[in-house]
Every structure is written in structure tokens, then in C-alpha cells.
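A short write-up of the structure that comes next.
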């Protein structure tokens with residue numbers, strides 16, 4: 001930041017003057033532009049909602065277009081103009097802005113205001129992300145369900161206006177930070193994707209039957225149980241109610257599960273009560289999905305769920321889940337699927353006779369260990385990626401806010 005400090009000492013040694021936004025340019029309120037006006041081509045257009053969901057600090061192109069006759073009725077956005085949102089469902093988002101750096105004039109519509117100015121456009125767009133703006137806009141925000149900061153109110157918000165040389169150096173530094181952040185995100189995503197590809201390769205290789213695997217039937221290595229054919233009254237606490245929506249890549253996502261009352265439990269487990277080590281699967285909709293139950297806790301099967309109870313002298317419980325999800329058995333499920341009027345299903349009544357291939361138990365356990373290790377690596381990367389990006393984002397925001405805070409010039 002020494003370069004910026006040098007420029008401040010050179011161009012504004014007595015501090016930086018803050019001016020109302022209304023004094024540094026003209027604010028033009030947009031109107032109209034329903035999404036039904038969008039066309040495949042024509043005049044570029046930025047809808048205020050896209051500023052929240054798609055655009056970053058600046059852009060040189062639009063993802064939407066309108067017919068020339070429609071554009072003639074809308075607010076014009078010239079190169080270097082800033083489009084600022086006026087309404088949002090929350091205070092944090094209202095006032096989000098994008099600098100238009102394309103070559104041609106575009107348009108915007110209602111719930112947005114265009115700032116026409118002679119400053120560095122990126123500097124203004126970056127400053128509109130700073131605490132200095134966030135604190136001031138709170139004083140001007142109105143509404144409860146829909147928050148609004150009008151163009152008239154925006155005009156009163158004060159922005160520090162250092163000399164253009166300082167603005168450009170600040171933009172250069174912040175652009176560099178943004179580029180580094182994007183580069184890091186791309187590298188981390190690429191590493192994660194490489195691990196996923198590697199995991200998929202080993203998954204298919206390890207679970208494709210080898211010459212030493214023996215052919216048997218599902219009923220020889222596990223008991224097959226059908227679950228209840230109805231839906232219980234769900235409760236906030238009590239035994240787990242394991243629905244097909246909770247099956248996720250061989251494990252249960254209990255965030256997608258509910259509970260049933262203790263008073264219903266005995267009735268609901270009359271056919272079978274899940275135990276630690278069981279594999280549960282869907283036999284209607286979400287076909288091919290299965291999960292391993294790794295808890296020693298009361299639970300009940302949901303509708304359209306079946307259960308496999310492993311014969312541990314024949315099959316490792318964890319391997320049973322994996323081989324169910326493996327390429328050979330998944331292919332068998334597809335061939336056995338019966339199309340229905342409303343949902344597809346697999347005939348659970350004769351699943352015990354289905355053929356299945358398994359290796360020796362020591363080999364089963366080795367495969368489980370290898371794939372568990374791969375899962376751990378991918379999961380670590382998946383959880384570490386947001387944490388690493390958040391750390392860089394925090395660092396970026398710290399320096400951005402520091403760069404955009406100035407000693408106030410004496411009036």
C-alpha cells in the first residue's frame with residue numbers, strides 16, 4: 001500500500017474530501033423492464049435482479065437483451081455508468097451496484113438507478129461495497145418486507161473522492177486481489193474435481209467383479225426386508241424416520257430425515273427395525289440409492305424403503321452397501337426396473353434371488369478401507385474449500401475497507 005500512501009501524500013496531503021453522491025454526478029431512476037421484454041438479441045439490458053444473482057463489481061457484457069423500441073423507453077446506461085439497485089428483500093443487498101464497462105450504450109429498468117459521473121467507475125463500484133456506504137445506507141433505508149433506498153436518498157450519501165490518480169491505484173490493487181481470489185478458487189475447484197474423477201475411477205475399478213469374485217445371490221448374503229407402506233405422523237423428537245430423501249451417496253443425510261413418536265415406534269417396526277450395520281435402499285423412485293446405517297439408535301423405515309441385513313459370515317456390512325452401489329448391481333437394478341403409471345419400482349419380493357458377485361471378506365474389507373480413504377480426502381477438500389475461500393475473502397475485504405477509508409479533509 002506504500003504506492004497509494006505516496007500518492008495520497010503527493011495529491012491530497014491534507015486529507016480526502018467526501019461529497020454527496022448527488023454532487024459527483026447525475027442519478028437517473030430506471031423504470032419498467034419486466035423479464036418478458038427480454039429477447040435473444042438486440043440492445044443489452046441489465047435487470048436489477050441480475051445484479052444480485054449474476055454480476056460482480058463490473059461487467060463488459062450483458063446476459064439479456066431487449067428490442068430497440070423497448071430500449072428507447074428505458075433508462076440509458078453509458079460506458080462507465082454505475083447501476084445501483086434501489087430495492088431488495090434485505091438490507092445487506094439493497095444498494096448493490098455494477099459498473100458498466102462495455103463499449104456500447106445499454107439500458108436498465110425499474111428498482112435501479114443509473115449514476116452518471118466523471119470518476120473512476122470501478123472505484124465507485126468498489127466503494128459501494130465498503131462499510132462507509134453500508135453504514136450510511138442504513139440511515140436512508142425504508143420498508144420492512146421490501147427494503148428501499150431511493151435515488152433521492154442515494155444522492156445524500158457521502159463518498160470520499162480522492163484525486164483520480166489515487167482512485168486508479170486503489171482500483172489496480174483491488175483488481176489484483178480479485179484476480180488472485182478467482183485464481184485460487186479455480187485451482188481449488190480443479191483439485192477437487194481431479195480428486196472426484198480419481199475417486200470415480202477407483203470406485204468403478206474396485207467394485208467391478210474380478211476373476212476371484214464368486215457369484216451368489218443377494219438372499220445368500222443378506223436378508224431382504226420390505227418397509228411400511230404408509231407414512232406415519234412425524235414429530236420433532238423420537239426415533240429416526242428414515243425416508244428415501246435421506247439416502248445420499250451411501251450414507252444417510254439426517255438433515256433430510258424426521259422423527260416419529262415413541263407411541264408409534266413399535267407399530268412402525270413390526271416388519272423390521274433398522275440395526276447398526278444394515279443397508280437401506282429405495283425400491284420406488286430414486287432407484288439405485290442406498291445408505292449404510294452407522295448408528296446404534298432407534299429408527300424406522302420410511303415408505304418405499306427396503307432393508308438389507310448382512311450375513312456377516314458372507315459379507316462385510318459396509319461392503320454390502322458399496323457393492324449395492326457398484327456398477328454391476330446398479331446395471332442389474334436398471335434391467336429389473338418396472339415402469340409404473342406414477343413411479344418406477346423394483347420388485348422387492350424377488351430381490352433375494354438376484355445374482356450378485358462378491359470377493360473374499362479380507363478383500364471386501366480392503367476395498368472398504370481404500371474407498372473410505374478416498375471419501376475422506378474428497379470430503380476434506382469439499383469442506384476445506386469454502387473455509388479457504390472465506391479466509392481469502394475476509395483478507396480481501398479487510399484490505400478493501402482499509403484502502404477505501406481516508407483521513408477526512410478539513411472543510
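Please treat every number below as a calculation from the coordinates, not as lab data. Here the structure is a predicted model, which is why all the values come from computation and not from measurement. Reconstructed Cβ throughout: ideal geometry from the backbone, glycine too, with neighbour counts over all protein chains shown.
Worth pointing out:
- Helix 164-207 and the longest principal axis of the C-alpha atoms of the chain enclose an angle of approximately 10°.
- Extending 7 Å from Cα along the Cβ direction at residue 186 and again at residue 295 yields two label points whose distance is 4.3 nm.
- Here the label points at residue 6 and residue 150, each 7 Å from Cα along the C-beta direction, are separated by 4.8 nm in the simple model.
- The stretch 200-221 versus the stretch 41-115: alpha-carbon centroid distance in Å: 56
- Mean separation of Cα pairs under 8 Å and 6 or more residues apart, divided by the residue count, gives the stretch 18-161 a relative contact order of 34 percent.
- log10 of Debye I(q)/I(0), alpha-carbon scatterers only, for the stretch 18-161 at 0.17 Å⁻¹: -0.87
- For the stretch 180-199 and the stretch 327-377, distance of Cα centres in Å: 30
- Going from the residue with the fewest nearby Cβ atoms within 10 Å to the one with the most, 101, 74 rank 101, 74.
- Exposure proxy ranking for 407, 165, based on other Cβ atoms within 10 angstrom of each Cβ and starting from the fewest, stands as 407, 165.
- When the Cα convex hull of the stretch 214-358 is projected onto planes of every orientation, the mean area is 8.3 nm².
- A protection proxy built from the mean count of other Cβ atoms within 10 Å ranks the segments 291-302, 383-394, most packed first, as 291-302, 383-394.
- Cα-based helix-to-principal-axis angle, 131-140 vs the chain, degrees rounded to 10: 80
- Linear extension gain, residue 354 paired with residue 369, 0.36 nm per residue minus alpha-carbon span: 2.8 nm
- Ellipticity at 222 nm from helices only: DSSP H runs of n ≥ 4 in the chain, each -39500 (n - 2.57), divided by the residue count, give -12500 deg cm²/dmol.
- Prolate/oblate/rounded call for the stretch 269-352, Cα gyration tensor, a/c under 1.5 rounded: oblate
- Globularity index of the chain, i.e. its alpha-carbon radius of gyration over 2.2 N^0.38 Å: 1.40
- Where only C-alpha atoms are counted, convex hull volume of the stretch 175-298 per residue in Å³: 176
- Taking the longest Cα principal axis of the chain as reference, the axis of helix 2-11 is set at about 20 degrees.
- Of 342, 62, 321, the sequence from fewest to most neighbouring Cβ atoms within 10 angstrom is 342, 62, 321.
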